[in-house]
Amino acid sequence: MVRVRFAPAPTGALHIGGARTALFNWLYAKHFGGKFILRIEDTDIVRSTNKWVKTILEELKWLGLDWDEGPYFQSDRLDIYKRYAERLVKEGKAYYCYCSREDLEKHRRKMQRLKRRSVYSGTCRELTPSQRKHYESQGRKPTVRFKIQHPGTTVVSDLIRGTSSFDNSILGDFIIIKSTGTPTYNFAVVVDDYEMGITHVIRGEDHISNTPRQILIYKALSVDPPKFAHLPLILGQDRTPLSKRHGEISITHYIENGYLPEALVNYLSLLGWGLTSSPQILSREELIKDFTLERVSKASAVFDIEKLLWINSEYIKRMDISRMTDICITYLKKVGLVEFNVKNSWFKEVIKLYKDRLKTISQIAEFASFFFEKEVNYSKEAINILNKEGTSQVLKKVKERFVEQEDFDVFSVEKTVRSLALELGIKAAKIIHPLRAALTGRTISPGIFDVVSLLGKERVINRIERALNLLKG
């Protein structure tokens, strides 16, 4: 059975690259009917926090990436790493190293002067028991180093990138257990993946350099390594690795700014993967059905925010109006525009006006704020319209008709406005533009008759009066 894992470090929020890695692992497991395991790599005691653990778990749930096992925490497994390290030492495949930071830095500077690669010199590789005892009497706490066998070559087979070879001599005897007793990444990940029965390691290509060391550890433990697949990097528009200088890259940002989880999942799936026919909108079911590592590209993927916005807008257009209404109400309450129990049926009609205009849910606050504000905020352009000659007379006439009018549905409102235009011998636009400015404070809005009907008679009259008072001023 396929068993894959996603193993984030809780030192910050989940970001675009991590989310794409989690998604590809999840899709691979679902495609083959396997298991998706979640593991939290929290051995960095200084930087790892429960806050980020909670955030990562919540964001994975928001994306709909449910895990079959876990979350497992490396901090709960320190005894396991210690046991494996002691086994390697006992078998002569690892050793205790007492070199201080100063010793190592001195060696590094020496290699730098000689313009040679800096790898561990092997000072402690063959210590006698008496030498070890001497160092320990000085209070030195040892690390455990893996003993590299060289000369030799380590071959890495990658399901995406093919086969590559690494000269063992450039790896050096690397640390597997720190002097604090915590494991290094390369050691912990091997022990965990072996213990958890991971069959495929799907991760970013920035981990390629770690792979030969991990394969050597697998061999030392006399177990077969999993199959590796390294995903292409995600780049910004300038073709450099995606980072904060390209804009927000955390999933938190996309949640808070009104992106839909299904849209983000759809877009992330296209970063380095795709079908021959290249459809842009793919359901979760379609992704599960079609996802294979053979279709993952070696080339880096470019993060295009405009394409993400387009995909998000397509999902908004296709969304059930009841669900969209609930999401928009939640968002508007969060930003303080809605502080009351708004009538869902009325709100639904407001949302219908914007459903095909929104690229993100957060835009509802920008586009429709005049429906919820107690007082209209007039834009400079709206004030210019209101200040045009004859506008006050037109607004007074409209107000008089609306005061007399009983029915305030869209049809009745339109009939009133167009009849008034005929009476005054002017185009309907001469009424519609100043009316829009008075009611919304803007020059652009949904159809003005829809706006008038949804604002309701009382608010419409009050807003016209306020606009007239503004003109007097």
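Under the simplified labelling scheme, the Ser379-Lys178 pair shows an inter-label distance of 5.4 nm, with each label point 7 Å from Cα along Cα→Cβ.
Fully extending the segment from Leu309 to Phe411, taken as 0.36 nm per residue of separation minus the present Cα-Cα distance, adds 33.3 nm.
Given a Förster radius of 22 Å and the C-beta distance between Lys219 and Arg125 as r, what FRET efficiency does 1/(1 + (r/R0)^6) yield to the nearest 0.05? Don't skip to the end; give the middle numbers.
On the way: r = 19 Å, r/R0 = 0.84.
Once the sixth-power term is evaluated, E becomes 0.75.
Can you give me the relative contact order of the chain as a percent, contacts being Cα pairs under 8 Å and 6 or more apart? Dividing the mean separation by the residue count of the chain yields 13 percent.
With contacts taken as Cα pairs under 8 Å and at least 6 residues apart, the range 111-256 reaches a relative contact order of 20 percent. A simple charge model with +1 on the Cβ of Lys and Arg, -1 on the Cβ of Asp and Glu and nothing else charged puts the dipole of the chain at about 1600 debye relative to its Cα centre.
Under a point-charge model restricted to the Cβ atoms of Lys and Arg (+1) and Asp and Glu (-1), what is the dipole moment magnitude of the range 304-444 relative to its Cα centre, in debye to the nearest 20?
On the way: 25 positive and 20 negative charges, 40 e Å.
With Lys and Arg at +1 and Asp and Glu at -1, about 200 debye.
Between the residues Leu439, Gly258, Pro71, the greatest Cα displacement towards the positive end of the dipole of the chain, with unit charges on the Cβ of Lys, Arg, Asp and Glu, is found for Pro71.
By how many nm would the segment from Asn168 to Lys54 grow when fully extended, if each residue of separation counts as 0.36 nm and the alpha-carbon distance is taken off? Walk me through the numbers before you get to the answer.
On the way: separation 114, 0.36 × 114 = 41.04 nm, distance 3.96 nm.
That works out to 37.1 nm of additional length.
Think of the range 180-328 as a dipole: +1 on every Lys or Arg Cβ, -1 on every Asp or Glu Cβ, centred on the Cα centre; then among Gly204, Cys328, Ile311, Gly204 lies furthest on the positive end. In the context of the full set of protein chains, the range 123-175 has a per residue accessible area of 60 Å² (1.4 Å probe). Estimated from the Cβ-Cβ distance and a Förster radius of 41 angstrom, the FRET efficiency linking Leu275 and Ile461 is about 0.15.
For every helix of n ≥ 4 consecutive DSSP H residues, a contribution of -39,500 (n - 2.57) applies; sum these over the chain, divide by its total residues, and give [θ] at 222 nm rounded to the nearest 500 deg cm²/dmol. Walk me through the intermediate numbers first.
Numbers: 20 runs with 224 residues, N = 473.
The helix-only estimate for the chain comes to -14500 deg cm²/dmol at 222 nm.
Normalised Debye scattering of the chain at q = 0.07 Å⁻¹ gives log10 I(q)/I(0) of -0.56, counting only Cα atoms as equal scatterers and leaving out solvent. Within the chain, the cysteines lacking any other cysteine Cβ closer than 4.7 Å to their own Cβ are Cys99, Cys328. An ellipsoid equivalent to the range 41-177, defined through the eigenvalues of its Cα gyration tensor, has semi-axes of 34, 23, 17 Å when rounded to whole angstrom and sorted largest first.
Taking Cα pairs under 8 Å and at least six residues apart, what relative contact order does the range 276-418 come out at, in percent? The partial results should precede the final answer.
Numbers: 59 pairs, mean separation 28.9, N = 143.
Value for the range 276-418: 20 percent.
The slack between Leu424 and Ser209, meaning 0.36 nm per residue of separation minus the straight C-alpha distance, is 69.5 nm. Ordering of 431-438, 328-335 by packing is 431-438, 328-335, highest average first (other Cβ atoms within 10 Å, averaged per residue).
Under the convention that each Lys and Arg Cβ holds +1 and each Asp and Glu Cβ holds -1, the size of the dipole of the range 1-85 around its Cα centre is about 160 debye. Taken over the range 161-241, the ratio of Cα radius of gyration to 2.2 N^0.38 Å equals 1.23. Set the Förster radius R0 to 56 Å, insert the Cβ-Cβ distance between Gln149 and Glu256 as r into 1/(1 + (r/R0)^6), and round the FRET efficiency to 0.05. E between Gln149 and Glu256, to the nearest 0.05, is 0.65. Ordering Val89, Gly139, Ser222 by Cα displacement along the dipole of the chain toward the positive end leaves Gly139 in first place; charges were set at the Cβ atoms of Lys, Arg (+1) and Asp, Glu (-1). Ordering of 94-104, 192-202 by packing is 192-202, 94-104, highest average first (other Cβ atoms within 10 Å, averaged per residue).
The values are calculated or read from the model by the stated rules, or taken from the named source; none is laboratory data. Predicted, not measured: the structure shown is a model, and the values here were computed from it. Glycine gets a Cβ as well: all are built from the backbone with ideal geometry, and neighbour counts include every protein chain shown. Accessible surface is based on the protein model in full, side chains and every heavy atom, while ligands, DNA and RNA are left aside. Shrake-Rupley method; radii C 1.70, N 1.55, O 1.52, S 1.80 Å.
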